[in-house]
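> Just dropping this structure here.
Bear in mind these aren't lab numbers, they're just calculated from the coordinates by the rules spelled out. These numbers were taken from a predicted model, which means no experiment stands behind them. With ideal geometry, Cβ positions are generated from the backbone for all residues, glycine too; neighbour counts draw on all protein chains shown.
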Amino acid sequence: MSQSPFTLQSFKYSDDRLEILNQLLLPHTIEYVEINSVEEAHDAIKSMKIRGAPAIASLAALYVALYLKRALIATPVPNFLASTESLVADVTPILDYLYTARPTAVNLGAAMRRLHQALAASVAAAEDVQSATRRLIKEAEDVSNEDVGRNKEMARLGGEWLIEQVKQRGGGGKELNVLTVCNTGSLATSGYGTALGLITYLHETGHLDKAYYTQTAPYHQGSRLTALELQTLQIPSVMICDTMVGSLFQHHNIHAVAVGADRVAKNGDTANKIGTYNAAVLAARHNIPFIVVAPVSTVDLDVPDGSRIPIEQRPPVEACIIRGALYPGTEDDKAQAVVMFTPKGLTGIYNPSFDVTPAELITAIVTEKGVAVKKEGEQQFDLSGIV
Ligand code: MRU
């Protein structure tokens, strides 16, 4: 297995520092920004300086860990460390506030719920405030630490499953071409990635011909972020405009579409970046397997189907602008440009951040626990066994 070289990191976390890579400035400017307050953490997520369902959950959790670590060594000792009850009273609004930063990705809510539960467990066990604080720090750090391992497991499980599927379809021995949407790599997670992790696994094991990816307007997660990740990883790849998926399927041998997810409903309906549904409809038309790669924490059994998934509407202006460097490759390549390409004062702009792909269009849902497929003749998944 060939090892991939250096990868980009969505954040850096140490005992006394939390920094995020400002993704609004990528791909031309690498700038890490320190996060020192709950407002900064909330803003980083809301403004999409950091984005991707697992990455925003990790950032929110790590901010809580940093806040508590600093409190433990502060002099004078902050008042909220007087008792476990005052700790709960202080941290609860922080968790609730971070939870409101973006609505669709369930990972953020799941992470904040997990920290609420850790607090409740400390109260139930009548722990002293120091132990309760340390328990919460560990739980928060685990949210991030667990991500990379499960991404690698999903990538392996999904990659091996796909290789086998292609063999069964009579394509044995082939190197595969896989299309992805948005960005689901290191920049969207704590490392390695979900759908892009699967593509990386195929590359590392010698089973990938090319990764194809859509530009993913309007934020351009594909052309700004996935392009940079694939370039950094030296994975052979081809960028397409969002409008070219049908043409790609008509003229190229694409073996699968692999995407990430922001929330998977109980029946398998999946919310992911806008444009995912288009790719799924076209994949079904061309009989191309459509695979969702997402950790168990993305599955929301409380939501019966996709119609109940809250879909974030982004500010209209974000659909009217394009970001980039003014003079890439020159001394001035730090100069950032935000260019408006619509008429001034334009109204009537539709800008949902996500769409929902119905389960019937999804061939497999890969989590760290295994590969779920629908029963013969069924249109929906039974995910109750894997969560
Ligand atoms: O709006 P974004 O960039 O946060 O949307 C990201 C996606 O839709 C990803 O596909 C999803 O979060 C999975 S990331 C591993």
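> Lys369: which lysines have alpha carbons under 22 Å from its alpha carbon, excluding same-chain residues fewer than 8 sequence positions away?
Within the straight-line cut-off, Lys369 pairs with Lys152, Lys266.
> Report the rotationally averaged projected area of region 156-219 based on its alpha-carbon convex hull, in square nanometres.
On the way: hull surface 18.1 nm².
Taking a quarter of the hull surface, the average projection is 4.5 nm².
> Right, next: Enumerate by residue number the trypsin sites (Lys or Arg not before Pro) in region 263-347 meeting two conditions: DSSP loop (anything except H, G, I, E, B), and at most 12 other Cβ atoms within 10 Å of the site's Cβ.
Filter output for region 263-347: Lys344.
> Among the helices of the chain (complete DSSP H runs), which have Cα atoms covering no less than 27 Å along the helix axis and a Kyte-Doolittle mean of at least -1.0?
Qualifying helices, which must be both long enough and hydrophobic enough, are 53-73, 129-166.
> Suppose every K and R has +1 on its Cβ and every D and E has -1 on its Cβ; what is the size of the dipole of the chain about the Cα centre, in Debye to the nearest 20? Each step should come with its number before you reach the end.
Working: 33 positive and 42 negative charges, 127 e Å.
Computed charge dipole of the chain: roughly 600 debye.
> Given axes a ≥ b ≥ c from the Cα gyration tensor, I'd like to know whether region 239-332 is rounded (a/c under 1.5), prolate (a/b larger than b/c) or oblate.
Verdict is oblate for region 239-332.
> Tell me which trypsin sites (Lys or Arg not before Pro) from region 44-74 have a DSSP coil assignment and no more than 11 other beta carbons within 10 Å of their own.
Sites meeting the loop and neighbour criteria: none at all.
> How large is the helix-only mean residue ellipticity at 222 nm for the chain, computed as the sum of -39500 (n - 2.57) over DSSP H runs with n ≥ 4, divided by its residue count, in deg cm²/dmol to the nearest 500?
-11500 deg cm²/dmol
> Counting DSSP beta bridges in the chain, what percent are antiparallel, to the nearest 5? Please list the in-between numbers first.
Numbers: 23 of 42 bridges.
The answer is about 55 percent antiparallel.
> By the gyration tensor of its Cα atoms, with a ≥ b ≥ c the square roots of the eigenvalues, what is the shape of region 33-134: rounded for a/c under 1.5, prolate for a/b over b/c, or oblate?
Oblate shape, in that a/c is at least 1.5 and b/c is the bigger or equal ratio.
> Please label the shape of the chain as rounded, prolate or oblate, based on the square roots a ≥ b ≥ c of the eigenvalues of the alpha-carbon gyration tensor (a/c under 1.5 means rounded; beyond that, a/b larger than b/c means prolate, else oblate).
Since a/c reaches 1.5 and a/b is larger than b/c, the shape of the chain is classed as prolate.
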